[in-house]
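K.L.:
Just passing along the structure, written as structure tokens.
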Amino acid sequence: MELNYQTPVVLIIMGSDSDLTIMSEAAESLKSLNIPFKITVASAHRTPQRIQELIEEAEDTDMHVIISGAGAAAHLAGAVAAHTTLPVIGVPLDASPLSGFDALLSTVQMPAGIPVATMAIGKAGAKNAAIFAAQILAIKYPSIREQLKTVKSQMTESVIEKAKKVESLYTIV
Ligand code: RP5
């Protein structure tokens with residue numbers, strides 16, 4: 001199956017524009033994998049109606065995965081998952097005195113029946129959300145599978161390089 005690069009297949013929703021500094025990591029990662037996406041802001045508690053409309057649009061336009069990032073006990077990812085059978089990937093963000101622990105619990109501790117695939121708090125989680133979305137898409141699109149394999153082998157090479165550097169510092173000759 002060929003990927004149509006003009007049509008978004010991933011929807012990124014964040015709870016506020018203040019989340020963009022972290023969630024841009026997900027956007028940039030999707031961009032680097034040439035995966036078309038739509039990115040927007042909607043709040044579970046401030047714009048519940050908009051959440052529903054965005055999900056309807058995502059389903060009508062045949063998007064495949066939703067990434068949801070929010071801070072505080074905002075439960076955005078769970079609210080998104082309530083409206084859809086598309087896979088929802090949640091990114092907890094640090095936006096309160098609890099440093100993201102509140103968002104982590106409200107994202108990961110979904111009651112049985114409405115799952116949210118929860119990533120780590122912050123930038124690593126945002127990046128992993130994009131990679132995880134790509135892995136879901138790779139089931140259908142071989143071009144994405146090939147790109148993921150390339151990225152993985154690049155990571156392997158970079159660690160081998162690091163190992164060589166560290167070893168050379170203490171090698172007895
Ligand atoms: C959450 O509250 C958002 O996801 C954001 O992380 C946090 C603060 O939102 P703003 O006050 O910056 O709009 O709903």
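K.L.:
Looking at PHE101, ALA26, ALA81, which one has the Cα that reaches farthest to the positive end of the dipole of region 18-105 (charges on Cβ: Lys, Arg +1; Asp, Glu -1)?
P.N.:
PHE101
K.L.:
Read phi for every residue in region 139-153 and hand back ³J(HN,Hα) as whole Hz from Karplus 6.51 cos²θ - 1.76 cosθ + 1.60, θ = phi - 60°, with x for Gly and Pro.
P.N.:
4, 9, 10, x, 4, 6, 4, 5, 4, 5, 5, 4, 4, 5, 6
K.L.:
Mind checking the angle between helix 48-60 and the chain's longest principal axis? C-alpha axes, 0 to 90 degrees, to the nearest 10.
P.N.:
70
K.L.:
Tell me, what does the Kirkwood hydrodynamic radius of region 74-151 come to in angstroms if you use every pair of distinct C-alpha atoms?
P.N.:
Numbers: mean 1/r = 0.0751 Å⁻¹.
Taking every pair of different Cα atoms in region 74-151, averaging 1/r and inverting gives 13.3 Å.
K.L.:
Let me ask something else. So how far apart, in nm, are the two label points at ASP62 and GLN154 if each is 7 Å from Cα heading toward Cβ?
P.N.:
Roughly 2.9 nm, to one decimal.
K.L.:
Would you count, across the chain, every pair of lysines whose alpha carbons are under 23 angstrom apart, provided the pair is eight or more residues apart or spans two chains?
P.N.:
Summing the qualifying lysine pairs gives 22.
K.L.:
Ranked highest first by average number of other Cβ atoms within 10 Å, how do 59-69, 130-140 line up?
P.N.:
Sorting 59-69, 130-140 by mean packing, highest first, produces 59-69, 130-140.
K.L.:
So for region 33-141, taking the charge dipole from beta-carbon charges (+1 Lys/Arg, -1 Asp/Glu), which of ALA58, ASN128, ILE35 sits furthest toward the positive end?
P.N.:
Comparing the listed Cα positions along the dipole, ASN128 ranks first.
K.L.:
Separate question: Using 7 Å Cα-to-Cβ label points, what is the ILE114/ALA73 separation (nm, one decimal)?
P.N.:
Placing both labels 7 Å beyond Cα along the Cβ direction yields 1.6 nm.
K.L.:
Same structure, new question: HN-Hα J couplings of region 31-47 from phi, Karplus 6.51/-1.76/1.60, θ = phi - 60°, integer Hz, Gly and Pro as x?
P.N.:
So the J values, rounded to whole Hz, are 4, 5, 9, 6, 9, x, 9, 10, 10, 7, 10, 7, 10, 4, 9, 9, 9.
K.L.:
How far, in degrees from 0 to 90, does helix 123-138 lean away from the longest principal axis of the Cα atoms of the chain, to the nearest 10?
P.N.:
The angle comes out at about 80 degrees.
K.L.:
Which of these, VAL159, VAL88, VAL151, has the largest mean-square fluctuation under a Gaussian network model of the chain (Cα springs below 10 Å)?
P.N.:
Evaluated over the chain, the most mobile residue of the options is VAL159.
K.L.:
A follow-up question, please. P(r) of the chain in 5 Å steps, Cα pairs, percent per bin?
P.N.:
2, 9, 17, 20, 18, 12, 9, 6, 3, 2, 1, 1, 0, 0
Coordinate-derived values only; no laboratory data. Bear in mind that the values here come from a model prediction, so they are computed numbers and not experimental data. Neighbour counts are summed over all protein chains in view; Cβ atoms, including those assigned to glycine, are modelled from backbone coordinates with ideal geometry.
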